[in-house]
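Trainee: Quick one: this structure, given as structure tokens, is what I'll be asking you about.
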Amino acid sequence: MTAVPLQSLHACFEGVIPSIIATVDAAGVPNISYLSHVHYVDEEHVALSNQYFSKTAANVRDRGTAALILVDGRSGRQYRLDIAFVSSSREGELFDRMSDHLSAMSARQGMSDIMALRSADLYRVLRCEAVPAVGVNEEAPPAPPDAAARLAAAARLAGALAREADADAMIDLALNSLHRDFGFPHLMVLIPDEGGARLTVIASRGYETPGTGAEVAVGEGVAGTVAATLRPLRLADMSRGRRYAEAARAERPLPRAAIPYPGLGDPLSQMAAPMIGRGELTGVLLAEAAARFAFTRADEDALGLVAGQLGAALALHDLAAEGATAQKPAGTGIRGPCIRIRYFPFDDSIFIGEDYLIRGISGRLLHHFLRLHLDEGRSDFTNRELRVDPRLRLPEVKDNLETRLILLRRRLEEHEAPLRLLRPERGRIRLEIGGTPEIEVVT
Amino acid sequence: MIDNAIAEFVEGAVMTILASRDQGFHPAIGRGVGTRRAADGHLLDTMVSRAQWPDLIANLAPGAPLAVTFVAPDDYRTFQIKGVIEAVTPASDGDRAFTHAYHRDIHRVLTALGVTEGQIGFWLTDADLWCLRYRPTDVFVQTPGPRAGTRLEQCP
């Protein structure tokens, strides 16, 4: 058996096929157990999740060593490792990432508490060899994806995003590049609502319908989990429903929302990264695929880098996009066909005719524009006046106004509504109406 | 002698993993490809490919300790049996036929769960097959959860 570099075993660390651990107690009695997940740490270390395999833990404390079998989920190849215990941690990045993964796997069984991660145990790898394949046609192993090239491409995209002045265009640039250059087949950006209970699709690529305005619950599915934990998550093979069922339930639309969720019905691979700006969640970037093992660890890192840049840029854009001066009444005449608008203040939802359009802050904003349009004949508004208008009840600290406006603009366009939002320049909004709105407030 | 229900479980379409150890107490791992009762139920036979798991078998001679864990792939019911080796012999024709029946059963169960041919093919083998005969001494519940590690019975 020849030594195999640990970093070449990507597909063994996906948690698709359980690993095996053997230890020996002080009296010389061997013990053998399955392990849900072995995490790659670096070229010389792996980490094991310590949940409840107490005999294994006791033996390791006694003797400090163990044997492992890892299985490559793609090819089925097996590898044997001899490992030596280094340390145990109950906090920190490694612990958090392992804990998220475990929660995503165990939630469906109602065993989240029982299976809670006790510690992340770090081991040094003393030996790593391939187990002989017997009577199997050995195909050449698939070329490992070039992690360095992935990260270089992500860094270039992050640079391009930083140079883009317009937040709306920034989102398109990120999705187009991830779709075309990275080959991620299905992508979406979701933004949190003001209460932090929902995520709303603001843009997507690779789906039959874009689904702008569709909603999912925070805490559910991969995107919802990432929004709740603010940490990236990647699931490599969701076909084994038992272990991944909770996450594989795919983000389901909430009952009230009438916009079909664009996501794949049965994704086998999913990953998502939080978009964070000024210390707060500004959105979630999600990629999914129908094939298993569609995304590598390097892909996850690249997605995280792009999501981070996008989150920071959107937050900065919110700061900058104040708009120069208050706007004079535009004095555009109101004419054309009647557009029937219904507004439900209890959740700020807006219907055009019989069709649900949007709810939350985006709905409140549209109602506000229409009201001022009817009352004062105005069509032009600035971010600054919206921020200080008490009727809009925008959060004082972190309003994400820019992303709400982007969502609203895209939703109106996708819905082919007789209303359009234009952004004549940074910090300004223009309402274009192909008729005369008639607003009914439904309480 | 182990409980009849446990014996039926280990004789079924269950994933089987084994551990032995050398004189320096270093563990070695292997996979089993079929288990059955022997000697009127007092002993168990587990089939193992020596070509694939040479270290596991190199540690085993009569009197050597062995740990074998059996898992039902569909519900994760798991038992670990500790035992002491009685004999290690090359597989007979009958042993091979027995292993082939196990191959068919476990293959059917795993493919129904979505496990691919490639994932199964690397260990479901009869190459250089050996029969490990051992006397069970303890049975532990290892189904994931709070009862994991509970001693179920101590065999006389």
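Coordinate-derived values only; no laboratory data. Remember, it's a predicted structure, so these values are computed and weren't measured experimentally. A quick note on method: Cβ atoms are made from the backbone with ideal geometry, for glycine too, and the neighbour counts reach across all protein chains shown.
Trainee: Under a no-solvent Debye model with one identical scatterer per Cα of region A:6-130, what's log10 I(q)/I(0) at q = 0.17, 0.22, 0.23 Å⁻¹?
Mentor: The Debye formula, applied to the Cα set alone, gives -0.85, -1.41, -1.50.
Trainee: Here's a follow-up. Mind checking the mean number of beta-carbon atoms from other chains within 10 Å of the Cβ atoms in B:49-56? List each step's numbers first, then the result.
Mentor: Details: counts 3, 1, 4, 6, 6, 3, 3, 3.
Mean shielding count: 4.
Trainee: Non-local amide H neighbours of residue A:88 (under 5 Å, H modeled in plane, Pro and chain starts lacking H): which ones?
Mentor: A:122
Trainee: What distance in nm separates the simple spin-label points at residue A:124 and residue B:74, each placed 7 Å from Cα in the Cβ direction?
Mentor: Output for this residue pair reads 4.6 nm.
Trainee: Also: Please order A:338, A:12, A:128 by the number of other Cβ within 10 Å, starting at the fewest. The partial results should precede the final answer.
Mentor: Numbers: A:338 10, A:12 27, A:128 23.
Fewest-to-most Cβ neighbours within 10 Å comes out as A:338, A:128, A:12.
Trainee: Using alpha carbon centroids, what distance separates region A:62-97 and region B:38-53, in Å?
Mentor: Cα centroid of region A:62-97 versus Cα centroid of region B:38-53: 28 Å apart.
Trainee: Let me ask another. Other chains' Cβ within 10 Å of B:71-84 residues: what's the mean? Before the final figure, lay out the partial values.
Mentor: On the way: counts 3, 0, 3, 1, 1, 5, 0, 2, 0, 4, 0, 4, 0, 1.
Mean number of neighbouring Cβ atoms from other chains: 2.
Trainee: If you keep only loop residues by DSSP, which GluC sites (Glu not before Pro) in region A:338-424 have at most 12 other Cβ atoms within 10 Å of their Cβ? Before the final figure, lay out each step's value.
Mentor: Details: sites: A:354, A:376, A:385, A:396, A:402, A:413, A:414, A:416; in loops: A:354, A:396, A:416.
Passing both the DSSP loop test and the Cβ count: A:354, A:396, A:416.
Trainee: Provide the per-residue ³J(HN,Hα) series for region A:22-38, in order, calculated from phi with Karplus coefficients 6.51, -1.76, 1.60 and θ = phi - 60°, each as a whole number of Hz, with x at glycine and proline positions.
Mentor: 10, 9, 9, 8, 4, 8, x, 8, x, 9, 9, 8, 7, 10, 5, 7, 10
Trainee: For region B:44-57, just list the computed ³J(HN,Hα) in residue order, Karplus coefficients 6.51, -1.76 and 1.60, θ = phi - 60°, integers in Hz, with x standing in for Gly and Pro.
Mentor: After applying 6.51 cos²θ - 1.76 cosθ + 1.60, I find 10, 10, 10, 8, 9, 7, 6, 4, 8, 10, x, 5, 4, 6 Hz.
Trainee: Show me, for region A:280-287, the HN-Hα J-couplings you get by feeding each phi into the Karplus relation (A = 6.51, B = -1.76, C = 1.60, θ = phi - 60°), rounded to Hz, glycine and proline as x.
Mentor: Those phi angles translate into 10, 5, 9, x, 9, 9, 10, 10 Hz.
Trainee: State the Cα centre-to-centre distance between region A:192-235 and region B:62-101 in whole Å.
Mentor: 47
Trainee: Let me ask another. For the protein assembly as shown, what log10 I(q)/I(0) values come out of the Debye formula at q = 0.06, 0.07, 0.12 1/Å, with one point per alpha carbon and no solvent?
Mentor: Per q value, in the given order, log10 I(q)/I(0) is -0.41, -0.52, -1.09.
Trainee: Just the Kirkwood number for region B:23-111, please: inverse of mean 1/r across all distinct Cα pairs, in Å, one decimal. Can you show the working numbers first?
Mentor: Working: mean 1/r = 0.0698 Å⁻¹.
Taking the inverse mean of 1/r over all distinct Cα pairs, region B:23-111 comes out at 14.3 Å.
Trainee: Could you work out the relative contact order of chain B, using alpha carbon pairs under 8 angstrom and six or more residues apart, expressed as a whole percent? Before the final figure, lay out the partial values.
Mentor: On the way: 323 pairs, mean separation 42.3, N = 156.
Result for chain B is 27 percent.
Trainee: Calculate how large, on average over all directions, the projected area of the Cα convex hull of chain B is; give the answer in nm² to one decimal. Present the calculation step by step, with values, prior to reporting the outcome.
Mentor: On the way: hull surface 36.3 nm².
About 9.1 nm², averaged over all directions.
Trainee: Of B:55, B:105, B:74, which is the most mobile in a GNM of chain B whose springs link Cα atoms less than 10 angstrom apart?
Mentor: B:74
Trainee: Could you line up A:201, A:71, A:41, B:84 from fewest to most neighbouring Cβ atoms inside 10 Å? Numbers along the way, then the final one.
Mentor: Values: A:201 30, A:71 24, A:41 18, B:84 14.
With the fewest neighbours first, A:201, A:71, A:41, B:84 line up as B:84, A:41, A:71, A:201.
Trainee: Over chain B, with a Gaussian network built from C-alpha contacts below 10 Å, which listed residue (B:75, B:22, B:45) shows the highest mean-square fluctuation?
Mentor: Looking only at B:75, B:22, B:45, the biggest GNM fluctuation is shown by B:75.
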